[in-house]
1. I need a count of the residues in the stretch 188-213 that are at pLDDT 95 or above, of a type outside the set (A, V, I, L, M) and crowded, with 17+ Cβ neighbours inside 10 Å.
2. Can you find, within the stretch 84-114, the residue that is surrounded by the most Cβ atoms within 10 Å (Cβ to Cβ) among those that are closer than 9 Å to Glu141 by Cβ and among the basic types (Lys, Arg)?
3. Give all pairs with beta carbons closer than 8 Å in which a residue from the stretch 1-19 that is farther than 8 Å from Pro42 by Cβ and modelled with pLDDT of 90 or more meets a residue that is among the β-branched types (Val, Ile, Thr) and not in a helix (DSSP H, G or I); count only pairs at least 6 apart in sequence or on separate chains.
4. Within the stretch 163-184, can one find any residue that is more than 22 Å from Gly14 (Cβ to Cβ), polar (S, T, N, Q) and either modelled with pLDDT of 90 or more or in contact with a helix residue (DSSP H, G or I) (Cβ under 8 Å, 6 or more places away or on another chain) (or both)?
5. Can you tell me which residue in the stretch 67-110 is farthest from Gln23 (Cα to Cα), limited to those that are touching a residue at least 24 places away in the same chain (Cβ under 8 Å), under 20 Å from the mean Cα position of the chain (by Cα) and not in a helix (DSSP H, G or I)?
6. Run Met58 past the list (1) under 26 Å from Arg7 (Cα atoms); (2) out of contact with any helix residue (DSSP H, G or I) (no Cβ under 6 Å at 6 or more places or on another chain) and report the number of the one that doesn't hold.
7. Just to verify a result, which residue in the stretch 166-175, among those that are of a type outside the set (Phe, Trp, Tyr) and surrounded by 18 or more Cβ atoms within 10 Å (Cβ to Cβ), is farthest from Leu130 (Cα to Cα)?
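The values are calculated or read from the model by the stated rules, or taken from the named source; none is laboratory data. Nothing here was measured: the structure is a model prediction, and the numbers come from that model. As a convention, Cβ positions derive from the backbone with ideal geometry for all residues, glycine included, and neighbour counts pool all protein chains shown.
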Amino acid sequence: MSGAAGRVLRELRGDILRGALAQGTRLTESSLCGRYDVSRVPVREALRTLAAEGFVDMRPGSGATVATISTDDAADLYAVRRTIEEITARRCAARVRAGEADDLVARLDEIVTAGLAAVRAGEPADLPALNTRFHLTMARESGSASLLSLFRQVADRIQWIYAANVDVQGERSWAEHQGILEAIRSGDEPTAAARAAAHIANSRSGFLETRPT
């Protein structure tokens with residue numbers, strides 16, 4: 001992939017993941033050329049890659065649109081997340097209790113403070129990336145390479161779903177992040193795991209509430 005196509009890919013993927021280009025948005029080559037200041041060739045390369053990743057739908061005669069995640073796909077993702085997050089939170093609390101993760105609480109505290117500030121300021125655009133940082137930090141500090149690898153495999157789709165529902169879930173999700181952080185800070189493994197599991201269950205319910213009936 002050319003340098004220009006790689007840049008368009010990164011920027012277009014980022015715009016989709018943070019919700020600047022919402023699910024269902026039509027993506028014309030001309031509009032993307034103007035948006036990213038490139039010719040049509042790198043735009044086409046980027047669209048093909050994003051279609052293969054599942055973030056763009058391309059249909060002959062209809063052009064490209066930002067994909068819409070299905071309820072079934074989202075339910076599967078939440079099921080996987082619940083397992084990952086529950087174990088991750090438990091391991092983080094255990095490491096804090098054992099004195100093995102000196103900087104973890106400070107890093108999570110910084111992210112939660114930023115998230116709560118964005119909620120209070122009415123700046124939801126900042127929340128999807130902060131949400132990913134919070135959960136990625138826990139996965140990284142869990143001490144498990146397998147958990148970190150699993151989280152990274154689903155991180156983009158997590159951010160994508162979160163961005164689509166941030167207006168509904170933003171304030172609640174950051175209050176829950178704070179609760180998870182406090183359990184980790186206390187080294188309380190059962191509570192950290194339970195709060196992480198409840199957080200994912202609530203996120204799933206919030207997503208389903210926004211789906212057409």
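1. Residues meeting the conditions: 5.
2. Checked the stretch 84-114; the qualifying residue surrounded by the most Cβ atoms within 10 Å (Cβ to Cβ) is Arg91.
3. Within 8 Å, the pairs are Ile16/Val56; Ile16/Val66.
4. yes
5. Of everything passing the filter in the stretch 67-110, Ile69 is farthest from Gln23 (Cα to Cα).
6. All conditions pass for Met58, except number (2).
7. In this case the residue turns out to be Gln169.
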